[in-house]
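Notes to accompany the following structure.
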Amino acid sequence: MKRKTIVILALTLLSAILFVSLTKVQAAPEEFYVYAWVDKLQYAPGDSGTLYITIRNDLADEVYVYNVTITYPWHAYVKDHWEGNETIEVKTAIERDGGVRNWESTFEVPKDGKAIIDTTGIDVDVWTDELGHQGPNNSVLISVANPPVHMALTDMNTWMTSLTVVIVICTIILAIVIFLSTRKTRAPRVVAPPPPPKAKAA
């Protein structure tokens, strides 16, 4: 009787543990997601492009988004103003449990030296009421083609003169080798042996 009771209690406890574990695994995570990407794999200086932004709210409450701030790698203060940044005023609530909002922003890669960038990320920052500053995926990769590197050869006259002299010397050596290898060797002279001495008469 005691064994049956212990076995029943153990099975009940094991079932409860498995039920709680499965409930935790199946529960959907509650998150606020920010996704962003660009429309091309690589840009050249002067190219135009589009940045796509998607926000998904999987939280149990709606989230009010004030604005989205975009900062490009070529962001700089030029003369009397800032370039390479943009603010999208959203001022809207994103519904709870899967509400989604999408935005697009066009940009142009600079044609001057600002296109040569050390960092390769576009910063996307989302500002909300309850959550404050949000940007889980706030660094969007962007690739800008490097400008061609030009090589300047100095003292070109000296190089060409030296190259000409080397070619002439190599040609002369090659001609000598060909001449010596194709020349027919002369056969040695055959000298007739002296006649044998005559026998003396007895």
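The values are calculated or read from the model by the stated rules, or taken from the named source; none is laboratory data. The shown structure was predicted, so the numbers you read here are calculated from the model rather than taken from an experiment. Note that each Cβ is placed from the backbone with ideal geometry, even for glycine, and that neighbours are counted across all protein chains shown.
Those residues that are among the basic types (Lys, Arg) and part of a loop (DSSP other than H, G, I, E, B), I need them from region 46-99; list them, please.
Let us first name the residues in region 46-99 that are among the basic types (Lys, Arg), namely 56, 79, 91, 96.
Once the filter is applied, which keeps residues that are among the basic types (Lys, Arg) and part of a loop (DSSP other than H, G, I, E, B), region 46-99 yields Lys79, Arg96.
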Number of positions in region 54-92 that are among the charged types (D, E, K, R) and under 17 Å from Asp123 (Cβ atoms): 2
For Val38, work out the one condition from (1) under 17 Å from Phe107 (Cβ atoms); (2) more than 29 Å from the chain's Cα centre (by Cα) it doesn't fulfil. (2)
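Could you check how many residues of region 88-113 are of a type in the set (S, T, N, Q) and surrounded by 14 or more Cβ atoms within 10 Å (Cβ to Cβ)? Talk me through it step by step, then tell me what you get.
Let us first name the residues in region 88-113 that are of a type in the set (S, T, N, Q), namely 92, 102, 105-106.
Among the residues that remain, those that are also surrounded by 14 or more Cβ atoms within 10 Å (Cβ to Cβ) are: 105.
Final tally of qualifying residues: 1.
Quick check on Trp127: is it surrounded by 10 or more Cβ atoms within 10 Å (Cβ to Cβ), at pLDDT below 85, out of contact with any helix residue (DSSP H, G or I) (no Cβ under 9 Å at 6 or more places or on another chain) and hydrophobic (A, V, I, L, M, F, W, C)? Before the answer, list the steps.
Values: surrounded by 10 or more Cβ atoms within 10 Å (Cβ to Cβ): yes; at pLDDT below 85: no; out of contact with any helix residue (DSSP H, G or I) (no Cβ under 9 Å at 6 or more places or on another chain): yes; hydrophobic (A, V, I, L, M, F, W, C): yes.
No.
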